[in-house]
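In what follows, a structure is listed as structure tokens, so that the remarks can point back to it.
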Amino acid sequence: MSGEPLELVVASANGDKVAEIVEIIGDELGGAVRLVARPSHVPDVEESEPTLEGNARVKARAVSAATGLGALADDSGLEVDALGGAPGVRSARYAGDGASYADNVAMLLGALTGVLDRRARFRTVAVARLGEGRELVCEGTVAGVIAPAPRGTRGFGYDPVFVPDGGDGRTFGEMEAAEKHAISARGRAFRALATLVKGELGR
Ligand code: IMP
């Protein structure tokens, strides 16, 4: 099958995440798909589900319904072993509704004061809703440890305190975007999803 590219709306209202998704798969999707920014009239979607997958599906469905187009969505969380997997699905609101990235990082470092086991992982569930209810789902993870204090100004969210395994000790906040994407949970989830989408479209 060939022809016009399929239009998929990038469902997130978080500009940092949208930029990463476009960087990760914009080229990979080639001529098969055209990524479209979420129109500003689409209302915020409440992340009401108890799981990352549930929230990613809810976001993709809501944006698809509001635009009449297919959609790409993700939900991500940081799971810290010593905190029983928190903040997890509540990562954006860990320090309360409307919390800033800095508030959440401060809350996390406070919760880990004096804690030696600092193992953690980012988990991303990415969903493509292609129309007629067809949904493709992929998950990506990256394991690492929480640093004692923030380092670096790149990335967003918890990046300045996340040191991925297998690296040279730098946090995601100290890495170039491409270095982060090569191993990040979002990079892994969306590259796998791009492969599924192209297969589904026969490209
Ligand atoms: P969301 O619910 O998927 O929008 O993301 C939840 C929260 O997780 C965000 O507000 C960020 O604080 C954090 N987060 C998501 N992805 C990343 C990432 O790639 N690096 C650092 N923090 C992230």
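Read-outs throughout are calculated quantities, based only on the coordinates presented, and are distinct from any laboratory measurement. Owing to the predicted nature of the structure, the values given are computational and were not obtained by experimental measurement. So basically every Cβ, Gly included, is an ideal-geometry build from the backbone, and we count neighbours across all protein chains shown.
Listing for the model above:
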read-out	value
Projected label distance in nm at Ala99 and Ser40, using a 7 Å step from Cα toward the beta-carbon	3.0 nm
Alpha carbon convex hull of the chain, projected area averaged over orientations, nm²	11.1 nm²
Top of Glu174, Glu47, Glu132 by mean-square fluctuation, Gaussian network on the chain, Cα under 10 Å	Glu132
Shape box of region 65-141 [Cα atoms, principal axes, largest first, Å]	51, 25, 15
Relative contact order (percent, whole number), region 57-203, Cα cutoff 8 Å, 6+ residue spacing	20 percent
Per-selection Kirkwood Rh - region 48-100 (Cα, Å, 1 d.p.)	12.2 Å
Length gained when the stretch Met107-Glu23 is fully extended (0.36 nm per residue, less Cα-Cα span)	27.3 nm
Top of Arg170, Arg186, Arg57 by mean-square fluctuation, Gaussian network on the chain, Cα under 10 Å	Arg170
Normalised convex hull volume, region 105-154, alpha-carbon set, Å³ per residue	122 Å³
Euclidean distance of C-alpha centroids, region 179-203 and region 1-59, integer Å	13 Å
Top of Thr153, Thr51, Thr124 by mean-square fluctuation, Gaussian network on the chain, Cα under 10 Å	Thr153
Hull volume in cubic angstrom per residue (convex hull over the Cα atoms of region 28-117)	134 Å³
Cross-link reach list, aspartates and glutamates versus Lys17, counting only Cα pairs under 14 Å and skipping chain neighbours closer than eight places	Asp74, Asp75, Asp159
